[in-house]
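A.B. asks: Can you read through this structure? Questions will come right after.
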Amino acid sequence: MNTEQYQNRCRDCQLKGATLVYRRFLRALLPARCPGCGGAAEDGFCDGCRDDFERVELPCAGCGRARPVTACPRVDSGWHIAGVVAPFSYTEPLQGYVQSLKFAGRRSLGWALGTLLASQVASSPTRRDVNAIVAVPLHRQRFIARGYN
């Protein structure tokens, strides 16, 4: 790495640090609002809206689906993963939020949904087994249309 590349890299780090400080300042000044009801929310969704999401009770350790699972796709398809953690069923209102994020350009929902997922995985009994949270990759044309994965 030459001197100019190093200096540019340092400037990028400084800008990222300044942006982080700026974001923290804005969060302190303007408290976050729940995307569901508009009420105050510390981490994404408020407790009331978070309670509206249907949780997967007794999930299959292989695929994450609610038990009883008639056919586990991990076993049937030969997935090369140890297991899946899926804390919520893909039903309303969660389905609507995910679709608004994906298809209606409501990118602000990404933070709320990510925070929701992270808190559920962190409190999961299998949290020690979680090595990564992985998004399903988009097809190139969808990526171009949406602008992000």
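A.B. asks: Could you state the angle between the C-alpha long axis of helix 3-29 and the longest principal axis of the C-alpha atoms of the chain, as a value from 0 to 90 degrees rounded to the nearest 10?
C.D. replies: With rounding to tens, the tilt is 70 degrees.
A.B. asks: Taking 0.36 nm per residue of separation and subtracting the Cα-Cα distance, what length does fully extending Asn149 through Glu42 add?
C.D. replies: Details: separation 107, 0.36 × 107 = 38.52 nm, distance 2.56 nm.
Working it through step by step, the gained length comes to 36.0 nm.
A.B. asks: Right, something else. Using the Karplus curve 6.51 cos²θ - 1.76 cosθ + 1.60 with θ = phi - 60°, work out ³J(HN,Hα) for each residue of the range 79-84 in order, rounded to whole Hz, and write x for Gly and Pro.
C.D. replies: Along the range 79-84, the couplings run 4, 9, 9, 6, x, 10 Hz.
A.B. asks: Can you tell me the Rg and Dmax of the chain, counting just the alpha carbons, in angstroms?
C.D. replies: 19.2, 60
A.B. asks: Grab the DSSP H runs of the chain that are 4 residues or longer, score each as -39,500 (n - 2.57), total them, divide by all residues and round the 222 nm result to the nearest 500 deg cm²/dmol.
C.D. replies: On the way: 6 runs with 69 residues, N = 149.
After summing the helix terms and dividing by the residues of the chain, the value is -14000 deg cm²/dmol.
A.B. asks: Sticking with this one: Using a Gaussian network model on the chain with a 10 Å cutoff between Cα atoms, which of Phe25, Phe88, Phe53 fluctuates the most?
C.D. replies: Maximum among the listed residues: Phe25.
A.B. asks: Can you list residues from other chains, or at least 5 along the same chain, whose modelled amide H is less than 5 Å from the amide H of Phe88?
C.D. replies: Residues meeting the amide H criterion: Val56.
A.B. asks: Okay, moving on. If Lys and Arg each add +1 and Asp and Glu each add -1, what is the summed charge of the other residues whose beta carbon sits under 13 Å from the beta carbon of Val69? Don't jump to the answer; show the numbers that get you there.
C.D. replies: Numbers: positive: Arg65, Arg67, Arg74; negative: Glu57, Asp76.
Spelling it out: positives minus negatives among the neighbours equals +1.
Computed from the coordinates by the stated procedures, all read-outs in this text should not be read as laboratory data. Bear in mind that the values here come from a model prediction, so they are computed numbers and not experimental data. Note that we place each Cβ from the backbone using ideal geometry, even for glycine, and neighbour counts take in every protein chain shown.
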